[in-house]
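What follows is a short report on a single structure.
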Ligand SMILES: [Zn+2]
Ligand SMILES: [Zn+2]
């Protein structure tokens, strides 16, 4: 398991969640490393969307994997004295193929993030639907794949997160109540209802039982003023003394630190 203490102790200049040319990022790995050095980062972890069995244009292929690791090695040779570069993956949990699959265990990873971006449709458990993307798409999918049942979508997201946590095979739990963003745009206030709150609490309990690191994901802060998990759960995480890491989930080099300073300040307030 990843030892985050040396990374997060007395140090707020790191990011262990970022996308590049290997998935849906908008710049090359080297651009991110240079930006991270310019901003005084001590650690930068890459996490391309890992190969998955769901239909997805953003996830990398297995064929690209050797190239990815080769680029990590090359960048370490060039920049290794200035910054520590970590090779990670953001691995989707899909029933039957998730972070604990032998394929991922066989890779020379420094760490991995487990995330849920896909849930099965309401009628076909083998039809995996991306519920993570932009709201314009999400709002069309709710009637199309989920019979308009937004509560079912939310509950199924948390069920999949819980299954992922129980199966394991990763270090960091990615953006743990991200569904709250799209769901609350679909039905305002849904993420303040008591059943939703219970789902988050139950998930955090399961995470604590399995000793994962919890990511505070700051990607949506600049545009939507929202963290994942939502700021209202910071106190819960503090009370549990959960190991927490603040990640920007950057897809552009200029956003590698976006929202992180605010999140760290609010978390420690
Ligand atoms: Zn993600
Ligand atoms: Zn990501």
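Computed from the coordinates by the stated procedures, all read-outs in this text should not be read as laboratory data. Since we're looking at a predicted model, the values are computed, not measured. Note: ideal-geometry Cβ built from the backbone for every residue, glycine included; neighbour counts use all protein chains shown.
Would you mind ranking 122, 200 by Cβ crowding within 10 Å, fewest neighbours first?
In increasing order of surrounding Cβ atoms, one gets 122, 200.
For an R0 of 22 angstrom, estimate the FRET efficiency from the Cβ-Cβ distance between residue 209 and residue 252 and round to the nearest 0.05. Walk me through the numbers before you get to the answer.
Working: r = 36 Å, r/R0 = 1.64.
Working from the Cβ atoms, E equals 0.05.
P(r) tail for the range 129-269, what percent of Cα pairs lie past 18 Å?
56
Starting from the Kirkwood Rh over alpha-carbon pairs, what translational D in µm² s⁻¹ does the range 83-142 have by Stokes-Einstein at 37 °C and 0.692 mPa s?
Estimated diffusion coefficient is 245 µm²/s.
Rounded to two decimal places and with Rh computed the Kirkwood way over Cα pairs, what is Rg over Rh for the chain?
0.94
Based on the Cα atoms of the range 11-150, what semi-axes does the equivalent ellipsoid have, where each is the square root of 5 times one gyration tensor eigenvalue, given in whole Å with the largest first?
32, 17, 12
Can you tell me the convex hull volume per residue for the range 210-249, based on C-alpha atoms, in Å³ to the nearest whole number?
Details: hull volume 2.4 nm³, N = 40.
Per-residue hull volume (Cα only) is 61 Å³.
Suppose R0 equals 45 Å; then what is the FRET efficiency for residue 232 and residue 74 from their Cβ-Cβ distance, rounded to the nearest 0.05?
Numbers: r = 43 Å, r/R0 = 0.95.
Working from the Cβ atoms, E equals 0.60.
Assuming R0 = 45 Å, what is the FRET efficiency of residue 3 and residue 126, from their Cβ-Cβ distance, to the nearest 0.05?
With a Förster radius of 45 Å, E is 0.75.
Kirkwood Rh, the range 1-86, all Cα pairs: how many Å?
Radius from the Kirkwood sum: 13.7 Å.
Provide the gained length on full extension for the span residue 63 to residue 202, in nm with one decimal, where the gain is 0.36 nm per separating residue minus the Cα-Cα distance.
Taking residue 63 through residue 202 to full extension adds about 46.3 nm, to one decimal.
Could you let me know the centre-to-centre spacing of the range 220-269 and the range 146-179, using Cα atoms, in angstrom?
If you average the Cα positions of each part, the centres end up 19 Å apart.
Relative contact order of the range 66-153, please, whole-number percent, based on alpha carbon pairs below 8 angstrom and at least 6 residues apart.
19
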